[in-house]
Amino acid sequence: MTLRDVGLFLRGRLNRSVSRLANARASRTPLSTAPLESVLGRPGSPEELVPLLEGRSNPERQVVLARHLTARGIPFRRHAFKTLEGAGENFEVDLGGGDRLLVLIAHHDAVPGSPGANDNAASVGILLQVIDRLASSPPPGLRVRLLFTAAEEIGYLGARAYVSATDLSGVTGVLSLELCGIGDSIALWDAAEETPFLGRVCGALEGIGLRRDEGHHVVGRVPMFGSDHRAFAGIVPAYGFTMIPRTEAESLRQFVFNAMRTAFRHMIRRPPPFHTYHTRGDNGSTLDPRALDTVVQALQAVVSELA
């Protein structure tokens, strides 16, 4: 275990402990879940697929996702890991062909006491729909890897375990989907430097009418928050991918870049999509189908741009 791993482990433990404490009173009442038979193995929009995971424990979320992929006849590989920090199982689905590889990630775990709809069942639902769309028309010159990771909430543990066991030499870039169900504008974050991959992603977004600083925003290194792409950063171009309300863009910048100074103020009001982040209120009723559809359309555009 490296010094970086120790830091991420401690960050993850703190993250889970704070969430458990914040949700303790509400968690006396069990989280509600949809009947599994109503959604398992069925195609659907991202919004319709959120109940696969929403409200379930992390072991259940992991098992249900694997069962769903199997029931849909989607070939996938399992990547189980067990370290001193924790254990879990990642699932990867490859579509298309060629030597170049685009990795799209959505973590399937949630923090204790939260239904985990926007963080991160919505993103899992988005990638499941992307699989359905690409399966019927796979990109000829590009492999797309849909990676569903475990234990993101423990310092990106599943992604770190995956990176340590995987050859990334063919990877063109990585996008990690996080909080993708609320808003009308895309934020690409931890994008401190321009890269050819970032340029092509932005070009794809421009191509579907998402103009820079309006329909999409490019944001530098975010100090207080993170996601699975950070396990890949420094090896290949890797960025966070989040939906935000464009009217909240400036308040979100203040929130994420001045988190310590504004922490007290934002205990009263946190700007969307952070108003439900890691809370009992992160349920499917807060999600906007238009936000989910925008992400599906955007990812398809990125795939087409890179193919």
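The values are calculated or read from the model by the stated rules, or taken from the named source; none is laboratory data. Worth saying up front: this structure is predicted, and the values here are computed from it rather than measured. Here the Cβ positions follow ideal geometry from the backbone for every residue, glycine too, while neighbour counts run over all protein chains shown.
Each residue in the stretch 121-166 was checked for being hydrophobic (A, V, I, L, M, F, W, C), in a loop (DSSP other than H, G, I, E, B) and surrounded by fewer than 19 Cβ atoms within 10 Å (Cβ to Cβ), and 1 of them qualify. The condition of being within 27 Å of residue 149 (Cα to Cα) and without any contact (Cβ under 8 Å) to a residue 60 or more places away in the chain holds for only one of 215, 240, 234, 226, that being 234.
Those residues that are in a strand (DSSP E or B), more than 18 Å from residue 303 (Cβ to Cβ) and of a type outside the set (A, V, I, L, M), I need them from the stretch 213-224; list them, please. Let's see the steps before the verdict.
As a first pass, look at the stretch 213-224 and keep what is in a strand (DSSP E or B): 216-218.
Imposing the further condition that a residue be more than 18 Å from residue 303 (Cβ to Cβ) reduces the set to 217-218.
Within the stretch 213-224, 217 is the sole residue that qualifies.
If the condition is being in contact (Cβ under 8 Å) with a residue 60 or more places away in the chain, part of a loop (DSSP other than H, G, I, E, B) and under 17 Å from residue 252 (Cα atoms), then the stretch 183-212 contributes 183, 184.
Residue 180 passes all but one of (1) part of a helix (DSSP H, G or I); (2) crowded, with 19+ Cβ neighbours inside 10 Å; which number fails? Answer for residue 180: the failing condition is (1). So, in the stretch 35-69, how many residues would count as being in contact with a strand residue (DSSP E or B) (Cβ under 8 Å, 6 or more places away or on another chain) and farther than 19 Å from residue 113 by Cα? Of the residues in the stretch 35-69, 3 are in contact with a strand residue (DSSP E or B) (Cβ under 8 Å, 6 or more places away or on another chain) and farther than 19 Å from residue 113 by Cα.
Here residue 240 fulfils each of the conditions (1) assigned to a helix (DSSP H, G or I); (2) within 28 Å of residue 163 (Cα to Cα) apart from (1).
Among the residues of the stretch 268-307, those identified as surrounded by fewer than 19 Cβ atoms within 10 Å (Cβ to Cβ), farther than 28 Å from residue 199 by Cα and either modelled with pLDDT of 95 or more or touching a Pro at 6+ places or on another chain (Cβ under 9 Å) (or both) are 280, 281, 285, 286.
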